[in-house]
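Peer 1: Sharing a structure here in structure tokens format.
Nothing in this text is a laboratory measurement; each read-out follows from the coordinates by a stated rule. Since this is a predicted model, take the numbers as computed values, not measurements. Positions of Cβ are backbone-derived with ideal geometry, glycine not excepted, and every protein chain shown enters the neighbour counts.
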Amino acid sequence: MSPQTRAASTDGASRATGSSDPDAAALRRASRNVGLQLALASSVLVLLVVVVAFTFVFAHLKPSQLLHARRHESTIDIGGLDILVVAIGIGLAAIALAGLLSWFATRRAIRPLGVALRLQRDFVSNASHELRTPLAVLDARLQYLQRGLPGDDQATTTVAELRRDTGTLIQIVNDLLVTAEEGAAPIAAEPVEVIPVAQLAVDSMSVLSAERGVSIALMAPTPVSVQVPAAAIHRCIVALLDNALRFSPAGSTITVALSVERGSAELRVGDEGPGITGLEPSRVFERFARGENGGGAGTTGMTTGFGIGLALVKDTVERAGGTASVERTGPDGTVMLLRLPRARRR
């Protein structure tokens, strides 16, 4: 689900991983093509300048001087203004040609990238459409089951939680459909208290964290309201917790901290994992961005995701007017930071 990957692998293993990465191979091919095309364009440009220069010089020589036995001693009378005009003309022509050739070479080189981006968007859109109906059916069946249970049945609470989780999945699928389209509309919402939503997210993920010997602590000393839907906040926190849990060593603690900074509510999710490796921290929120596989000693051993979870977090937060970033990362852990717009006072 997450593009954040941490690895304590050797240099040799890292090189082996990079050499077998089809994306890295495609980038190398594109870089090589760009280099060759620019080299060819530069050669054509230099050749053109030489041809123009020689043409200008020969234009001031009479044919008899070119064929004369003492032609190497001929003197060419060229005015300073002529040299200036020709130099300016050659320079402008060289600039225009260089720009045209560079544009053409770059366009050809990035064409496969455009195709890849279109295929990614088509995949996200198609997969989301395929998931909507099964999830709607599942929610309907859970609703039917919930209605049929007596009020004192012990399974009532579990079924209600299942329905809530199914609703979260449906919202995630809807978000995937939105992010697959360009120009998604901003998110508008009524003021929402963050602490109850964060507590609900922590409680939801505590089941998984307990199985792996990792604890989750919520630190929220100051209540704060934000202009973000509660469902969106819940999904973002769950995604960040899931990301942190993937790389947290057994016995460690994941911290969810809420603070207020001027016009924003700052929500931090920090872990005690080995830090981000194999990928620039600034790229972890990019769609389909993935780094090296693996984890540090003592981590939970969960597999890495497909680079969608944190991309959805970033898209959701930005559409609500906030930001998502990696505040810090290193051998002692990683801290993800969400800045959410505070609710306006009425």
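Peer 1: Mind ordering 158-166, 274-282 by average Cβ neighbours within 10 Å, highest first?
Peer 2: Working: 158-166: 14.7, 274-282: 18.1.
Final packing ranking: 274-282, 158-166.
Peer 1: Next up: Per residue of the range 191-206, in order, report the coupling 6.51 cos²θ - 1.76 cosθ + 1.60 (Karplus, θ = phi - 60°) as ³J(HN,Hα) in whole Hz, putting x for Gly and Pro.
Peer 2: x, 10, 6, 7, 4, x, 5, 5, 4, 5, 5, 5, 4, 5, 8, 5
Peer 1: Taking 0.36 nm per intervening residue step and subtracting the Cα-Cα distance, what contour gain separates Val115 from Arg163 on full extension? Mind dumping the intermediate values first?
Peer 2: Details: separation 48, 0.36 × 48 = 17.28 nm, distance 3.84 nm.
Net length gain for the segment: 13.4 nm.
Peer 1: Extending each Cα 7 Å along its Cβ direction at Gln199 and Glu280, get the distance between those two points in nm, one decimal.
Peer 2: Reported label-point gap for Gln199 and Glu280 is 4.1 nm.
Peer 1: From Cα pairs below 8 angstrom and at least 6 apart in sequence, can you work out the relative contact order of the range 122-179, rounded to a whole percent?
Peer 2: Relative contact order comes out at 54 percent.
Peer 1: Using 7 Å Cα-to-Cβ label points, what is the Ala94/Val49 separation (nm, one decimal)?
Peer 2: My value for the distance between the label points is 0.2 nm.
Peer 1: Give, in nm to one decimal, the length gained when the segment between Leu218 and Glu261 is fully stretched (0.36 nm per residue of separation minus the Cα-Cα distance).
Peer 2: Once the chain is fully extended between Leu218 and Glu261, it gains 13.7 nm.
Peer 1: Further question on the same structure: How long are the semi-axes of the equivalent ellipsoid of the range 192-341, defined as square roots of 5 times the Cα gyration tensor eigenvalues? Whole Å, largest first.
Peer 2: Values: eigenvalues 110, 62, 34 Å².
Sorted largest first and rounded, they come to 23, 18, 13 Å.
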